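Below is one structure, written out as structure tokens; the observations come after it.
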Amino acid sequence: MVEILAAKKALRRSIKAVCAALPATQIQSESARVAQRLFARDNWKSATKVCAFCSMPGELDTAPILEAAFAANKRVFLPRVEDVKARDMAMVEAFSMADIDAFPRSNWGIAEPPRDDSREDALDARVDLVVVPGVAFDCDNGRLGHGAGFYDNWLARADAAADAAAVAR
């Protein structure tokens, strides 16, 4: 297990170095290409409730994805860190790009929904599609995240909620 963790850490470091060297124009063109591939998918077209994320600097630019979701009248849910030590986050509703622009910035510099208002949680809303960040993905949709475990923990809860909803139907 220690070897796997070390290999993941080395791979993250290597990929992040390559990405950091990319010109901003290439990041923008690749981001547009990813967005167009997403928009062509049937699960995007049929989704009415979408979890996504706000980009960190140097990461895939998700603004076009968020803008398209709002333009298509999809409900959008974004991550908010609830407990750093527990690696716990919630996905809560954002209402517009203006709403997102007004969000405070997290310790990582990411726009994050405020804690001082009640927004619907994605697990309660039973979202249709989840767009997750990652350092790398394999051909089988395996994900190498940033290493903190926030998404792994949330996705496990989302899977459990989806299984519970399927059993309840």
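The values are calculated or read from the model by the stated rules, or taken from the named source; none is laboratory data. Small disclaimer: the values here were computed from a predicted structure and weren't measured. Ideal geometry is used to build each Cβ from the backbone, glycine not excepted, and the neighbour counts take in all protein chains shown. Surface accessibility is based on the protein's heavy atoms, side chains included, excluding ligands, DNA and RNA. Shrake-Rupley method; radii C 1.70, N 1.55, O 1.52, S 1.80 Å.
Specify whether the C-alpha gyration tensor of the chain places it in the rounded, prolate or oblate class, a ≥ b ≥ c being the square roots of the eigenvalues: rounded for a/c under 1.5, otherwise prolate if a/b is larger than b/c and oblate if not. Rounded, since a/c falls under 1.5. Compute the relative contact order of region 35-169 as a whole-number percentage, counting only Cα pairs closer than 8 Å that sit 6 or more residues apart in sequence. Averaging sequence separation for qualifying contacts and normalising by length gives 24 percent for region 35-169.
Give me the lysines in straight-line cross-link reach of residue 85: C-alpha distance below 19 Å, same-chain residues under 8 apart excluded. Those lysines meeting the cut-off do not exist here. Taking 20 Å as the straight-line reach from the Cα of residue 16, the lysines in range (excluding those fewer than 8 positions away in the same chain) are 8.
If you place +1 on the Cβ of every Lys and Arg and -1 on the Cβ of every Asp and Glu, how big does the dipole about the Cα centre of the chain come out, in debye to the nearest 20?
Values: 22 positive and 24 negative charges, 87 e Å.
The calculation lands at about 420 debye.
Taking 7 Å steps out from each Cα toward its Cβ at residue 17 and residue 29 produces label points 2.5 nm apart. Listed by chain and number, the lysines whose alpha-carbon sits under 24 Å from that of residue 45, ignoring those within fewer than 8 places in the same chain, are 74.
Rounded is the label for region 40-138, because the ratio a/c of its alpha-carbon gyration tensor axes (a ≥ b ≥ c) stays below 1.5. Compared with the direct C-alpha span, the chain from residue 83 to residue 97 gains 2.5 nm at full extension, assuming 0.36 nm per residue. Ranking 19, 53, 91 by how far each Cα lies toward the positive end of the dipole of the chain (charges on Cβ) leaves 19 at the top. In the chain, a dipole from Cβ-located charges (positive for Lys and Arg, negative for Asp and Glu) runs towards its positive end, and of 44, 65, 7 it is 7 whose Cα lies farthest in that direction. The residues of the chain have, on average, 60 Å² of accessible surface per residue, using a 1.4 Å probe with all protein chains present.
Here the chain is scanned for chymotrypsin sites (Phe, Trp or Tyr not before Pro) in DSSP loops (not H, G, I, E, B) that have at most 16 other Cβ atoms within 10 Å, and the longest stretch holding none of them is 1-94. Among 110, 131, 29, whose Cα sits farthest toward the positive end of the charge dipole of the chain (+1 at Cβ of Lys/Arg, -1 at Cβ of Asp/Glu, about the Cα centre)? Ranked along the dipole, the leading option is 29.
Is region 4-48 best put as rounded, prolate or oblate by its Cα gyration tensor, with a ≥ b ≥ c the root eigenvalues, rounded for a/c under 1.5, and otherwise prolate when a/b is larger than b/c, oblate when not?
Numbers: a/c = 5.23, a/b = 1.60, b/c = 3.28.
Because a/c hits 1.5 or more and a/b fails to exceed b/c, region 4-48 counts as oblate.
Per atom type, the chain shows carbon and sulfur on 55% of its accessible surface, probed at 1.4 Å. Please get the size of the charge dipole for region 45-126, origin at its Cα centre, with Cβ charges of +1 on Lys and Arg and -1 on Asp and Glu, quoted in debye to the nearest 20. That gives a dipole near 280 debye.
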